[in-house]
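The values are calculated or read from the model by the stated rules, or taken from the named source; none is laboratory data. Just so it is clear, the structure is predicted and the values come from calculations on it, not from any experiment. Note that we place each Cβ from the backbone using ideal geometry, even for glycine, and neighbour counts take in every protein chain shown.
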2 protein chains.
Amino acid sequence: MSEIKDITSRDTDFAKWYTDVVTKAKLVDYSSVKGSMIILPYGYAIWEEMQKVLDKMFKETGHENVQMPMFIPESLLKVEKDHVAGFAPEVAWVTEGGKDKLDERLCVRPTSEVLFCDYYKKIIKSYRDLPKLYNQWCTIVRWEKTTRPFLRSREILWQEGHTMHATKEEAMNETLKMFKVYETFQREYLAIPVITGKKTEKEKFAGAIATYSIEAMMYDGVALQNGTSHYFGDNFAKAFGITYLNKDNKQVTPFQTSWGVSTRMIGALIMVHSDDRGLVIPPKIAPFKAIIIPINDSEIVNNAVLEIEDLLKSGGVTYKIDNSNKTPGFKFAEAEVKGYPVRIEVGPRDLEKGNVTIVRRDTLEKIECAKDNILVKLEEILEKMQQEMYDKALKRRDSMIYVANNYDEFREIANNKPGFIKTNWCGNLECENKIKDDFSMKSRCIIDDEEVTGPCVCCGKEAKYRLYFGKQY
Amino acid sequence: MSEIKDITSRDTDFAKWYTDVVTKAKLVDYSSVKGSMIILPYGYAIWEEMQKVLDKMFKETGHENVQMPMFIPESLLKVEKDHVAGFAPEVAWVTEGGKDKLDERLCVRPTSEVLFCDYYKKIIKSYRDLPKLYNQWCTIVRWEKTTRPFLRSREILWQEGHTMHATKEEAMNETLKMFKVYETFQREYLAIPVITGKKTEKEKFAGAIATYSIEAMMYDGVALQNGTSHYFGDNFAKAFGITYLNKDNKQVTPFQTSWGVSTRMIGALIMVHSDDRGLVIPPKIAPFKAIIIPINDSEIVNNAVLEIEDLLKSGGVTYKIDNSNKTPGFKFAEAEVKGYPVRIEVGPRDLEKGNVTIVRRDTLEKIECAKDNILVKLEEILEKMQQEMYDKALKRRDSMIYVANNYDEFREIANNKPGFIKTNWCGNLECENKIKDDFSMKSRCIIDDEEVTGPCVCCGKEAKYRLYFGKQY
């Protein structure tokens with residue numbers, strides 16, 4: 001079967017395995033535009049499923065969708081100093097429009113804080129205008145030198161929420177609320193047990209006061225930052241001169257947040273769950289829950305397939321069907337590459353007993369099922385599969401989190417064991433930088449539910465924080 | 001009431017009226033990025049409704065969504081000569097990425113034919129690979145000098161379908177099928193009675209063999225091209241060197257189409273249906289079908305509002321509610337500006353009889369309705385309203401189509417009567433150009449269901465076509 005799929009083993013070469021899976025499953029393809037990828041129908045369908053669920057969650061939490069310009073005049077990008085310093089090195093500049101040279105360069109948005117601020121300045125005048133809870137779905141551009149499908153690309157499909165609030169507390173609540181929405185989504189739909197927490201000063205977003213991050217651990221122990229929610233305080237608002245008249249008739253400055261997730265989540269989905277046979281997609285986010293595979297072209301099989309299709313349609317179960325004249329073995333292998341949560345094998349021998357065979361993609365477990373009972377059985381299987389995929393990922397993640405009490409232990413783990421390292425930190429940039437230089441590991445996030453006792457793992461002075469460190473994509 | 005709404009009368013100054021409506025109804029706002037607009041939540045919600053319906057229609061006709069790069073290298077744009085000639089003058093050029101000057105300019109896609117061709121060249125090898133039926137939802141950029149919300153903008157939200165087929169016939173069928181999908185959508189959902197037909201050589205899309213256009217007549221008699229479907233034959237395929245092995249084992253060239261509609265349709269929606277009180281939106285495309293307006297803050301009213309909300313929710317009727325402490329008159333006026341298809345006035349006097357008052361936005365007709373029967377009544381009203389809005393628009397359109405048998409008649413109509421002119425044409429570019437120069441009227445499309453007899457309206461030679469002429473946005 002391996003000739004058909006031709007996927008490198010993930011334990012042999014994880015990077016090659018990843019590229020094989022995204023291309024063989026036809027999620028993306030390379031374009032002749034350097035650094036930009038093409039998202040193919042199956043990859044885009046996964047993104048549409050993610051959008052559907054998230055958009056509903058955003059609307060249920062009171063947010064509205066808008067569409068801002070995609071261009072940012074250079075002068076506007078420069079209004080907030082930290083922000084421009086962080087983003088200017090990695091933007092694409094439009095300098096000519098039609099046949100004319102532009103008076104001012106425009107960058108293609110790398111993120112839209114300044115566009116929202118510019119607009120909020122115009123429309124926020126009174127406490128009655130707050131909060132403003134806007135989101136947009138769009139493409140952003142970051143001029144990356146090296147790119148990898150879904151993980152690092154010049155063009156990124158994402159959503160970005162940008163909100164303004166009357167008080168610090170309200171803005172901080174919003175930051176944490178959307179952070180929680182992301183965590184819930186990734187846990188319940190993507191079956192990814194994420195680690196969540198505040199970023200250090202060094203790792204926070206350019207211009208933010210605090211960045212809260214969703215950190216997912218991939219199969220190879222490397223972290224993928226899979227969503228962030230930022231609290232800006234009044235940094236941008238002050239830089240942009242946004243003020244409003246509060247209830248006491250005073251001009252005051254509002255407080256701001258932004259939060260975003262992107263098609264990067266598809267990369268996480270793959271690197272957490274998939275295997276050497278190809279994609280494995282959690283049922284709740286799979287664009288097609290099942291693939292029906294007729295074992296031969298006999299009348300009894302074809303009739304049963306029609307009946308099953310009717311049942312799936314009536315139950316709202318999305319499915320594909322493989323009616324090609326390939327061999328069953330070939331069809332199975334292809335279905336495995338694509339990662340449909342289950343395949344339904346419809347063959348004459350099973351049908352004699354009124355049965356079909358359902359095969360779970362994650363475990364490859366074969367389950368006999370009475371044809372007429374297929375809807376009930378599928379619901380049961382898909383629900384169980386969703387839970388077990390999460391449990392499995394959680395177990396693996398936890399087995400790859402290590403504790404380092406001193407620098408020797410840190411070195412020993414960092415050099416030998418892929419995964420995250422939990423450790424104490426004094427809070428000084430020098431120590432964080434030293435660990436980065438020595439082990440190519442960045443701090444992932446601050447752990448806020450464990451007591452901090454003992455010395456900093458690096459300098460030995462008193463620790464102020466407990467942190468996760470890890471390599472990252 | 002006019003102080004509240006402050007909308008210019010459409011019969012006094014149609015252009016000003018349009019701008020007033022789109023801004024007062026909060027569909028769009030101007031940004032400080034020249035030429036780009038901000039689509040506000042209510043405007044974006046209308047676009048989401050359009051997307052939802054169209055995306056379903058596209059998928060039901062076998063199309064799949066993908067996402068291509070947003071940048072086109074200059075050399076790629078230049079592959080098809082007519083295409084580059086048509087688009088190069090109006091594109092935005094990225095010339096710098098990060099801190100580096102690019103070796104080759106990239107334009108932000110003005111349309112994506114060349115990107116799809118470049119990819120199709122890579123993946124189409126055999127007749128088994130055909131047809132390819134891809135669509136994408138994205139933003140395109142055209143460097144317009146003068147812009148108007150939804151009608152002409154530097155950034156346009158749209159969809160573009162790009163398909164490849166084994167035969168001419170199949171490609172032409174696709175062109176006409178999607179043309180029909182657009183016409184159906186605009187008739188059934190937007191309640192716009194469009195005029196459809198083939199464009200003349202002069203007016204067709206740059207690089208196409210034939211362009212089929214959806215032409216809508218606005219309230220002021222001016223045309224809005226509201227969707228196009230193109231047949232390319234093998235023009236692009238040859239320029240890009242796309243070939244495939246057919247069933248007879250020969251290398252042959254496939255045939256291509258593309259088709260697109262954009263947020264321009266929101267402009268059409270407004271300019272066909274809206275009035276001096278603001279927006280009027282056909283129920284089937286309205287993001288919120290109703291607005292509930294409590295007449296006062298009494299317990300009986302508040303309880304009735306809760307009951308009505310429960311009923312609407314149970315019936316899946318989307319709604320807004322105006323719980324502000326403004327006067328009822330003010331709320332009515334605001335609801336009219338926003339164009340919710342109906343408002344539900346919940347007042348104590350009606351409630352004594354167990355009733356509420358439903359007011360249709362298009363006719364302002366007041367309808368008494370038993371509170372408990374509201375779902376049934378609403379369904380009846382909204383369906384009737386959808387039909388009557390279409391009928392009214394059709395009647396107005398037909399009353400503004402004139403026939404010109406000679407140039408004097410043409411001049412008389414063109415100078416005095418806004419609308420479309422039906423006339424005979426010899427097929428020569430000179431005559432088409434002369435009419436454009438004399439009356440600023442372009443040919444809209446060729447009429448294919450009327451016999452052509454008599455001379456060309458311009459030169460007097462034998463006519464080959466019957467055409468619509470009209471001014472355009």
Quick one: which of A:LEU115, A:LEU102 is at pLDDT 95 or above, more than 8 Å from chain B (Cβ to nearest Cβ) and either closer than 20 Å to B:SER31 by Cα or more than 25 Å from the chain's Cα centre (by Cα) (or both)?
A:LEU102
Considering the range A:73-90 alone, what residues qualify as being touching a strand residue (DSSP E or B) at 6+ places or on another chain (Cβ under 6 Å) and at the interface with chain B (Cβ under 7 Å from one of its Cβ atoms)?
A:PRO73
Hey, could you check the range B:457-473 for residues that are among the hydrophobic types (A, V, I, L, M, F, W, C) and either surrounded by fewer than 22 Cβ atoms within 10 Å (Cβ to Cβ) or outside any loop (DSSP other than H, G, I, E, B) (or both) and say which is farthest from the chain's Cα centre (by Cα)?
B:CYS459
Go through A:PHE469, A:PHE410 for me and flag whichever is touching a Ser or Thr at 6+ places or on another chain (Cβ under 7 Å) and within 19 Å of A:PRO193 (Cβ to Cβ).
A:PHE469
With the requirement that a residue be in contact with a Pro (Cβ under 9 Å, 6 or more places away or on another chain) and either without any contact (Cβ under 8 Å) to a residue 40 or more places away in the chain or not charged (D, E, K, R) (or both), what does the range A:341-377 give you?
A:PRO341, A:VAL342, A:VAL346, A:GLY347, A:ARG360
Condition check: in a helix (DSSP H, G or I) and within 11 Å of chain B (Cβ to nearest Cβ). Does A:PHE58 satisfy that?
no
Does A:PHE232 satisfy being closer than 17 Å to A:THR175 by Cα, among the aromatic types (Phe, Trp, Tyr) and part of a strand (DSSP E or B)?
yes
Give the number of residues within the range A:97-118 that are surrounded by 17 or more Cβ atoms within 10 Å (Cβ to Cβ) and outside any helix (DSSP H, G or I).
10
Of B:GLU336, B:GLU309, which residue is modelled with pLDDT of 95 or more, in contact with a strand residue (DSSP E or B) (Cβ under 8 Å, 6 or more places away or on another chain) and surrounded by fewer than 17 Cβ atoms within 10 Å (Cβ to Cβ)?
B:GLU309
Checked pairs for the range B:65-85, first within 17 Å of A:TYR30 (Cα to Cα), second of a type in the set (Phe, Trp, Tyr), C-beta under 6 Å and 6 or more apart or across chains, list as B:ASN65/A:TYR44; B:VAL66/A:TYR44; B:VAL66/B:TYR134; B:GLN67/A:TYR44
In the list B:GLY260, B:GLY267, B:GLY329, which residue meets the criterion of being among the small types (Gly, Ala, Ser), assigned by TED's automatic domain parsing to the domain that holds B:ILE123 and not in a strand (DSSP E or B)?
B:GLY267
Could you tell me which of the residues A:PRO254, A:PRO283 is closer than 28 Å to A:THR357 by Cα, in contact (Cβ under 8 Å) with a residue 12 or more places away in the chain and of a type outside the set (Val, Ile, Thr)?
A:PRO283
Among the residues in the range B:211-226, are any in contact with a His (Cβ under 9 Å, 6 or more places away or on another chain), in contact (Cβ under 8 Å) with a residue 12 or more places away in the chain and in a loop (DSSP other than H, G, I, E, B)?
yes
Meets criteria (surrounded by fewer than 18 Cβ atoms within 10 Å (Cβ to Cβ) and out of contact with any Cys (no Cβ under 8 Å at 6 or more places or on another chain)) for B:GLU345:
no
(1) under 31 Å from the mean Cα position of the chain (by Cα); (2) in the same structural domain as A:TYR212 (by TED's automatic domain parsing): which one isn't true of A:ASN249, the others all being true?
(1)
If we scan the range A:229-243, do we find a residue that is at positive phi, crowded, with 17+ Cβ neighbours inside 10 Å and not basic (Lys, Arg)?
yes
